[in-house]
Structure formats: structure tokens, C-alpha cells
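Colleague: Below is one structure. I have some questions about it.
The values are calculated or read from the model by the stated rules, or taken from the named source; none is laboratory data. In this text the structure is predicted, and so the values were computed from the model without any measurement. Quick reminder, even Gly has a Cβ in these numbers, built from the backbone with ideal geometry, and neighbours come from all protein chains shown. For the accessible areas, the whole protein counts, side chains as well, though only heavy atoms, and no ligand, DNA or RNA atoms are used. Shrake-Rupley method; radii C 1.70, N 1.55, O 1.52, S 1.80 Å.
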Amino acid sequence: MKKYNLLVGILAASSPTNQLFIGNVYLFKQIQLQLLKRNGFSFVFTPQDVHKKEINGVYYDPIKNRWLKTLFPLPHIIYNRYPFREDEYNIQRLLKKMESFQIPYFNRSFFNKWTIYKQLSTNRTLKPFIPTSSFIETEKDVFSFLNKFHRAYLKPVSSSQGKGILKITQNSSQTYNLYTKNRSFENVLKEELWNKMQLLMINTPYFIQEEIQSDDVNGMKYDLRILVHLNQTTYEPTGIGVRAIEKNYITTHVPNGGQILPFQLVESRIQHDQVDLICNEIGHTLTYHHGVIGEFSLDVAVSKNGKLYVFEVNSKPMKFDEKKIFQKGLSRLTNLFYQLGYQEKDQS
């Protein structure tokens, strides 16, 4: 194989079928094409492919337009895109092994939402931008919170794309409305509500979070999806997407009925200094607790008075549908490979 100036290993999952791997095939192809422009190279591998100091990997050949297998040396940097939250703990041993070889990697794992909330809330600069939340252990935790805020979301600590989110509004001290992705229960008595919640939460840890009265555009409430990358020593917003939905829906996620709107529709309403501050503070706070965080995305509510509230941090961002954001993200990601990979090469 030709000598390349940087070798990037992309960690994916093995497939129980005859697929080469399970992961974001389109993203991995684009990374390969971007790296080739800079005399770099990437390959995809799974935890089962790693041997002592060699890896059985696959790479995308743009000329043949196909994936090919070959044996690779250990890479200069590892990009962790392992896709399964539920068994991600199995790869931590592998990443520790790579660390012992002084191979940098990011990002370490999916985030536990409650853990992230506690970590961000300890940052005095960030605290005003974090919605009030409380971990649910007993029935009392829910009703005490609702007596104070009256409208709230219930979120599983380990999930993504809006899965499992519930919404509760308090009508009076005795009746409530409960909403799921597909159903609504109105005027539920207090005694019944807890039983319904327990059935819906299925013994999964949840926390409760105040609802922010969101700004709206064209009669729909909206929030922001912000892609963030490390650039030298600063965490900077790479792009901002807008997701909107009819007001009776729970989340703005596109698979759940959300719509993509052009950022220009709301750009004048956004305080960009707040965006920059939040992105950088969150990046450094997460890195302090979790090691190097190269990229993440934020789900951010915009209140009626223009204040931003961060209600979700995602460690392995989904592909942005906005082409400009995706392309800029790809460029920044490639720069980051070189920044972190060369730092390690220089020290070795």
C-alpha cells in the first residue's frame, strides 16, 4: 500500500449477516474521499478485527466503487463510530488497548443524559442555559416537580432521536394530560398517572425536565440542531439546523414528524454570542470529564425572549441533512484528524 501521511481507523460494529460492517456507510465513504485529497487514508474496522499490532480492515476504493479488505498497521488516530449504545461497554477494553499504544481516539462513548446534565450544571457559565431537571426515583419526584413547573418532559437517560420521551401538563392539582409520540391521555387523575407512566417507562431510568416555552415560526415551534467541532483549542459551531413541528407534537425530530426549515428564517432571532459561548463551554466541560471530545451536536430551544436552553448533547452526531453543514463538518472533522493524529506522531 502507498505511504500516506495519516492513517485513520474508523470503529464500526460487526454484522451478523454477510455485511462487512454496520455503520454510517455514506459518512465513511466521504471521509475516505476527503482524506485522499490530503494524502491521508482511512479504513473501517470492528472490535473483532483487531490483532496484536495489525487490523483486518476494509476501505472504500473510489475507482472501483467498492469496499475492499486488507491488513492495516495500527492507525494514527481512531474515530469511534460504534453504533450500538446497549453493548458499547464491550469496546471500552479495545479503546484502552489503543490508548496503551498512544493512539488517540474520540469520542469515547454515547452520553448518559442525566450524567451530562449534572456535569454541565456544575459549570456556572452554563447553568443559566440548562433547563431545570430532576432524576425520577419515586412518584413524589414527579408531582413535586409538576407542582412547581406545571409542564414537563420525561426523558430516558440513555436514548436518542426522541425515543421514549413523554410529556405531562398539569391541568389542576388532581388532573393531568400525558402525551407520548403516538397517543395522548387527557384529564388523567393523579392516582392513575403514575401507573401509566410506569408502564410506559418500562423500568428504564428517567429524569424530568421543565418545558421551555419555545419561540415559533410560521405557527410551528422550533429548536436548533447545532453541530460543534474542536478547532485547535476552541469548540466552535460548525453549522446550525432548524427543526420545526406543529405545536401538539412532542419532539421536532424529523423521523417523528419534524420539518427542516432554512436557518435564514430565524437567524436574526438568534444571539450568536450565546451560541459561541455555549458550544465552547460545553466542549471543554465534557473534555474535562470524558477525555478529548472532538465533535458533538446540541439540541437547543429558543425561548420567547430569545434565550437559549440546551436540552440535549449528542456525542455521535447523526448526519445533517443540510448539505452545507455536512460538508463543512466533514472538512472540520478531517482537520481534527490531522490535528490530533499529528500531535501524537510528533510525540512518538
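Colleague: In the chain, with Lys and Arg counted as +1 and Asp and Glu as -1 at Cβ, which of these residues, Ser315, Gln327, Phe41, has the Cα nearest the positive end of the dipole, that is, farthest along it?
Modeller: Towards the positive end, the residue furthest out is Phe41.
Colleague: Roughly how many whole Å is it from the C-alpha centroid of segment 5-79 to that of segment 282-331?
Modeller: After rounding, the separation between the Cα centres reads 25 Å.
Colleague: If you roll a 1.4 Å probe over the chain with all protein chains in place, what percent of the accessible area is carbon or sulfur?
Modeller: Here it works out to 49 percent.
Colleague: Moving to a separate point now. For segment 81-145, with every protein chain kept in place, what is the accessible area per residue (1.4 Å probe, Å²)?
Modeller: 54 Å²
Colleague: Next up: With +1 on each Lys and Arg Cβ and -1 on each Asp and Glu Cβ, how big is the dipole of segment 27-95 about its Cα centre, in debye rounded to the nearest 20?
Modeller: I would put it at about 300 debye.
Colleague: Right, something else. Hey, what's segment 3-52 come to in accessible area per residue, 1.4 Å probe, Å²?
Modeller: Per residue, segment 3-52 has 46 Å² of solvent-accessible surface.
Colleague: Report the charge-dipole magnitude of the chain in Debye, nearest 20, computed about the Cα centre from +1 at each Lys and Arg Cβ and -1 at each Asp and Glu Cβ.
Modeller: For this selection, approximately 920 debye.
Colleague: If R₀ is 22 angstrom, what is the calculated FRET efficiency for the pair Lys328 and Val217, using the beta carbon separation as r and rounding to 0.05?
Modeller: The formula returns an efficiency of 0.40 here.
Colleague: Quick check for me: using +1 on Lys/Arg Cβ and -1 on Asp/Glu Cβ, what's the dipole size of segment 201-348 about its Cα centre, in debye to the nearest 20?
Modeller: 360 debye
Colleague: Using the Cα centre of the chain as origin and beta-carbon charges of +1 (Lys, Arg) and -1 (Asp, Glu), tell me which of Ile77, Ile270, His284 is placed farthest towards the positive end of the dipole.
Modeller: In the chain, that residue is Ile77.
Colleague: In addition: So if I take the centroid of the Cα atoms in segment 231-253 and the same for segment 162-184, what is the distance between those two points in Å?
Modeller: Centre-to-centre distance over Cα atoms comes out at 24 Å.
Colleague: Now a separate question. Give the relative contact order (percent, whole number) for segment 181-323; include only Cα pairs under 8 Å separated by 6+ residues.
Modeller: Normalised by residue count, the contact order of segment 181-323 is 24 percent.
Colleague: Kindly state, to the nearest 0.05, the FRET efficiency for Thr115 paired with Lys196, given R0 = 35 Å and r defined as their beta-carbon distance.
Modeller: Given R0 = 35 Å and the Cβ-Cβ separation, E is 0.80.
Colleague: Another one. Residues with beta-carbon under 15 Å from that of Thr125, excluding Thr125: net charge, scoring Lys, Arg +1 and Asp, Glu -1?
Modeller: With Lys, Arg at +1 and Asp, Glu at -1, the neighbours total 0.
Colleague: Continuing with the same structure: Just want to confirm a number: the relative contact order over the chain, from Cα pairs under 8 angstrom separated by 6+ residues, in percent.
Modeller: Relative contact order of the chain: 16 percent.
Colleague: What FRET efficiency comes out for Glu99 versus Thr17 if R0 is 35 angstrom and r is the Cβ-Cβ distance? Round to the nearest 0.05.
Modeller: Calculated value: 0.65.
Colleague: Solvent-accessible area of Tyr249, probe 1.4 Å, all protein chains present, reported in Å² to the nearest ten, please.
Modeller: Near enough 100 Å² of accessible area.
Colleague: Please work out the average accessible area per residue across segment 172-227, using the 1.4 Å probe convention, and give it in Å².
Modeller: Dividing the accessible area of segment 172-227 by its residue count gives 52 Å².
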